[in-house]
Amino acid sequence: RELAGLRSTLAALPQLSELLARSEDASLQQLSVAVAVPPAWLTLLQSAIAEEPALVVRDGGVIAGGFNADLDELRAIQLDSSAFLTAMELRERERTGIPNLRVEYNRVSGFYIEITQSYVAQVPPEYKRRQTLKNVERYITPELKTFEDKALAANDRALALEKRLFDELLITLAPALDEFRRAGAALAELDLLANFAERAETLKLSRPNFTTLPCLELEGARHPVIESLVDQFIANDVRLDSKRSCVILTGPNMGGKSTYMRQAALAVIMAFAGCYVAANRAVIGPIDRVLTRIGASDDLASGRSTFMVEMTEAAAILHRATANSLVIVDEIGRGTSTFDGLALATAIARRLISKTQSLTLFATHYFELTELASDFACCVNQHVSVVEHGDKVVFLHEVKAGPASRSYGIDVAKLAGMPAEVIRDARRELERLEKERTHHAAQADLFAAVPVTKEVADTPSPLIAALAALDADDLSPREAHAKLAELIGLARKL
């Protein structure tokens, strides 16, 4: 079947090569040369391989008729067997007077004459019983045995010859492998380009512009997959650069935060793959990698909790991110206590903003993180907008400037079908917590940095100080041994 597929491909290449050669594009002209395979290989496959070959050679029927005279002769014997069996069946019915006598073949029993039990008394003496079944008897005659030996031998010889011819064909084709591979690579590239062109036209994608400055600017950005699944998709702008390197994105679940960040990452990946992007306009800097912390999942097989997976992914981002990286953080710190989660989320965001300086989209439900925009000029707040109609909320999926007013978590729970009693109880509890938070305003500033004790901030470790003062080149072996003992003593006091 593979050679039949190769034959079909080779048959289409001449016309394809001619079409590509007419193009004014140099790349397509090069592909035209790459797909130009000598016609002799197509001629060989057309003469050697059957129109509809079997899946495997051992079943026969792979080599085309007319390719080898000996194989054609052996196949003729096999074809003649059908005519022989039909003629013998008619003759024996007339000779024996048994109307339902049948002459047949199967792979288990070979050739046989089958007679029902009701006519066994009329069986001629030259019929030798071969097999007894429930309602029939199967016989063989000297004439049928002679034909069986001849037919089965022809079949075995035909299969063996066909296998040898197929192996010889593969050896003959071996010198053309490099040409086939070159044509295959050219077809793969052409298939990719055709797919890019079709998607760009169908999905109304635009060509991205590349710049040497670290930035990501998307006007009217869309998620190409989600857009195809909904009636109306709300496009949004994305702008990240050295003066606006971090966006803290807040807003309710189902508001579109994840989609907004994913479509930014997709635009970068598609652009660097050579594809047009789902945006009205795109300007993309030399982004070296896209690093993400998205979703919530555990790793039970490795004994890692959801929180551990989150922290592992966040650590990988902090170790690998550069000023030219696009970092996507979709919630972090949810799998632990509120204070721990907030502290970690704040520290991670500060690291990305102040030290790594990556282009960062950071979605969070910790509203305290929105205060980072006051501490860092390159950090801005954005939110996904919501409109309230009475006791209902409508998610507009528009990303606007500024922090969100509240999370709407209870409203989302209501949309999910949570019992009304639970919703009412949750609203009462929320009101109580908000009043308590207002009452304890001094304790409510969760964003405030944890004070670092003077001992940690100002007092250097004696061990570190001792290590820093060492000069390994000036120590004798005895002095080095003494210093090591001193350092061990300092370490044990920590």
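Rule-based calculations on the coordinates, nothing more; no lab input. Everything numeric in this text was worked out from a predicted model, so none of it was measured. Backbone-built Cβ (ideal geometry, glycine too); neighbour counts: all protein chains shown.
Within 13 Å, Cβ to Cβ, of SER32, how many net charges do the neighbouring residues add up to if Lys/Arg are +1 and Asp/Glu are -1? It would help to have the intermediate numbers written out before the result.
Details: positive: ARG22, ARG182; negative: GLU18, GLU24, ASP25, GLU189.
Residues near SER32 contribute -2 overall.
Report the gain in length on full extension from PHE67 to LEU19: 0.36 nm times residue separation, minus Cα-Cα distance, nm rounded to one decimal. Mind dumping the intermediate values first?
Working: separation 48, 0.36 × 48 = 17.28 nm, distance 3.30 nm.
Net length gain for the segment: 14.0 nm.
Treating only the Cβ of Lys, Arg, Asp and Glu as charged (+1, +1, -1, -1), what charge dipole size does the chain show about its Cα centre? Round to the nearest 20 debye.
Roughly 760 debye for the chain.
Considering the options MET270, ILE317, SER8, tell which one lies farthest towards the positive end of the dipole of the chain, charges being +1 on Lys and Arg and -1 on Asp and Glu at the Cβ, about the Cα centre.
The residue sitting farthest along the positive end of the dipole is ILE317.
Of (1) 1.29; (2) 1.08; (3) 1.71, which one was derived for Cα Rg over 2.2 N^0.38 Å from the structure shown?
(3)
Can you show me the helix-derived [θ] at 222 nm for the chain, built from DSSP H runs with n ≥ 4 at -39,500 (n - 2.57) apiece and divided by the number of residues, rounded to the nearest 500.
My calculation for the chain gives -15500 deg cm²/dmol from helical runs alone.
Report the net charge of residues surrounding CYS379, where surrounding means a beta-carbon distance below 15 angstrom and charges are Lys +1, Arg +1, Asp -1, Glu -1.
Computed value for this residue: +2.
Run through region 1-98 and list the GluC sites (Glu not before Pro) located in a DSSP loop whose Cβ has at most 10 other Cβ atoms within 10 Å.
Details: sites: GLU2, GLU18, GLU24, GLU51, GLU73, GLU89, GLU92, GLU94; in loops: GLU24, GLU51.
Here the sparse-neighbourhood loop sites are GLU24, GLU51.
Treating only the Cβ of Lys, Arg, Asp and Glu as charged (+1, +1, -1, -1), what charge dipole size does region 1-112 show about its Cα centre? Round to the nearest 20 debye. Working shown, then result.
On the way: 10 positive and 15 negative charges, 72 e Å.
That gives region 1-112 a dipole magnitude of about 340 debye.
I need the phi-derived Karplus couplings for region 71-88: 6.51 cos²θ - 1.76 cosθ + 1.60, θ = phi - 60°, integer Hz, Gly and Pro marked x.
After applying 6.51 cos²θ - 1.76 cosθ + 1.60, I find 5, 4, 5, 5, 5, 5, 4, 5, 5, 5, 4, 5, 5, 4, 5, 5, 5, 5 Hz.
Assuming 0.36 nm per residue, please report the length gained on full extension of the stretch LYS134 to ARG432 beyond their Cα-Cα distance. Write down the numbers at each step before the final one.
Working: separation 298, 0.36 × 298 = 107.28 nm, distance 8.65 nm.
Net length gain for the segment: 98.6 nm.
What does the C-alpha gyration tensor say about the overall shape of region 393-437? Classify as rounded when a/c is under 1.5, otherwise prolate if a/b is larger than b/c, or oblate. The partial results should precede the final answer.
Values: a/c = 4.70, a/b = 1.30, b/c = 3.62.
The shape class here is oblate.
What lysines does LYS134 reach when the alpha-carbon gap must be under 27 Å and sequence neighbours fewer than 8 apart in one chain are set aside?
LYS145
Using θ = phi - 60° and the Karplus relation 6.51 cos²θ - 1.76 cosθ + 1.60, list the HN-Hα couplings for region 271-280 in order, rounded to whole Hz, with x at every Gly or Pro.
5, 6, 7, x, 9, 5, 10, 7, 6, 6
Gain in length, GLU51 to ALA26, computed as 0.36 nm per residue apart minus the alpha-carbon separation, to one decimal in nm?
Working: separation 25, 0.36 × 25 = 9.00 nm, distance 3.71 nm.
Contour length minus the Cα-Cα distance gives 5.3 nm.
Suppose every Lys and Arg Cβ carries +1 and every Asp and Glu Cβ carries -1, with no other charges. What dipole size does region 207-416 come out with about its Cα centre, to the nearest 20 debye? Intermediate values should be presented prior to the final figure.
Numbers: 20 positive and 21 negative charges, 92 e Å.
My answer is approximately 440 debye.
Given an 8 Å cut-off on Cα distances and at least 6 residues of separation, report the relative contact order of region 69-162 as a percent.
Once normalised by length, the contact order is 28 percent.
Below 8 Å, C-alpha to C-alpha, sequence gap of six or more: please give me the relative contact order for region 308-448 in percent. Provide the component values of the computation, followed by the final result.
Working: 137 pairs, mean separation 26.0, N = 141.
It rounds to 18 percent for region 308-448.
Go through LYS257/LYS435; LYS128/LYS150; LYS204/LYS243 and tell me which ones have a Cα-Cα distance over 23 Å in this structure. Don't jump to the answer; show the numbers that get you there.
Values: LYS257/LYS435 29 Å; LYS128/LYS150 19 Å; LYS204/LYS243 31 Å.
Beyond 23 Å: LYS257/LYS435; LYS204/LYS243.
Among ASN253, ILE423, ILE115, whose Cα sits farthest toward the positive end of the charge dipole of the chain (+1 at Cβ of Lys/Arg, -1 at Cβ of Asp/Glu, about the Cα centre)?
It is ILE423.
For ALA221, list long-range residues whose amide hydrogen, built 1.01 Å from N in the peptide plane, is under 5 Å from its own amide hydrogen.
ASN236, ASP237, VAL238, ASN280
Count neighbours as other Cβ atoms within 10 Å of each site's Cβ, and list the trypsin sites (Lys or Arg not before Pro) in region 282-390 that are DSSP loop with at most 13 such neighbours.
Here no trypsin sites (Lys or Arg not before Pro) fit, given the DSSP loop and packing criteria.
Cβ under 14 Å from PHE147's Cβ, PHE147 left aside: what net charge do those residues give with Lys, Arg +1 and Asp, Glu -1? Kindly include the intermediate steps, with their values, before the conclusion.
Numbers: positive: ARG91, LYS145, LYS150; negative: ASP80, GLU89, GLU92, GLU104, GLU143, GLU148, ASP149.
That works out to -4.
Relative contact order for the chain using alpha-carbon pairs under 8 Å, separation at least 6, rounded to a whole percent?
Working: 670 pairs, mean separation 53.4, N = 494.
Across the chain, relative contact order equals 11 percent.
Taking amide H positions as placed in the peptide plane 1.01 Å from N, state which residues far from GLU398 in sequence (5 or more) or on other chains have amide H under 5 Å from it.
It is SER385, by chain and number.
Which value in nm describes the separation of the simple spin-label points at VAL422 and ALA323, placed 7 Å from the Cα toward the beta carbon?
Using points 7 Å along Cα→Cβ, the separation is 5.0 nm.
Sort TYR112, TYR127, TYR260, TYR105 so that the residue with the fewest other Cβ atoms within 10 Å of its own Cβ comes first and the one with the most comes last.
On the way: TYR112 22, TYR127 18, TYR260 27, TYR105 15.
Ranking TYR112, TYR127, TYR260, TYR105 by Cβ neighbours within 10 Å, fewest first, gives TYR105, TYR127, TYR112, TYR260.
Ordered by packing density, taken as the mean number of other Cβ atoms within 10 Å over each peptide's residues, highest first, how do 476-485, 193-202 rank? The partial results should precede the final answer.
On the way: 476-485: 10.5, 193-202: 12.8.
Listed from highest to lowest mean packing, they are 193-202, 476-485.
Among THR96, THR146, ASN106, whose Cα sits farthest toward the positive end of the charge dipole of region 69-162 (+1 at Cβ of Lys/Arg, -1 at Cβ of Asp/Glu, about the Cα centre)?
Checking the options against the dipole of region 69-162, the answer is THR96.
Quick one: 3J(HN,Hα) in Hz for region 53-69, Karplus 6.51/-1.76/1.60 with θ = phi - 60°, rounded, Gly and Pro as x.
Listing the rounded values in order: x, 5, 5, 10, 5, 5, 7, x, x, 8, 7, 6, x, x, 7, 9, 5 Hz.
Tell me which trypsin sites (Lys or Arg not before Pro) from region 59-125 have a DSSP coil assignment and no more than 11 other beta carbons within 10 Å of their own. Let's see the in-between values first.
Values: sites: ARG75, ARG91, ARG93, ARG95, ARG102, ARG107; in loops: ARG107.
Counting only loop positions with at most 11 other Cβ atoms within 10 Å, the trypsin sites (Lys or Arg not before Pro) in region 59-125 are ARG107.
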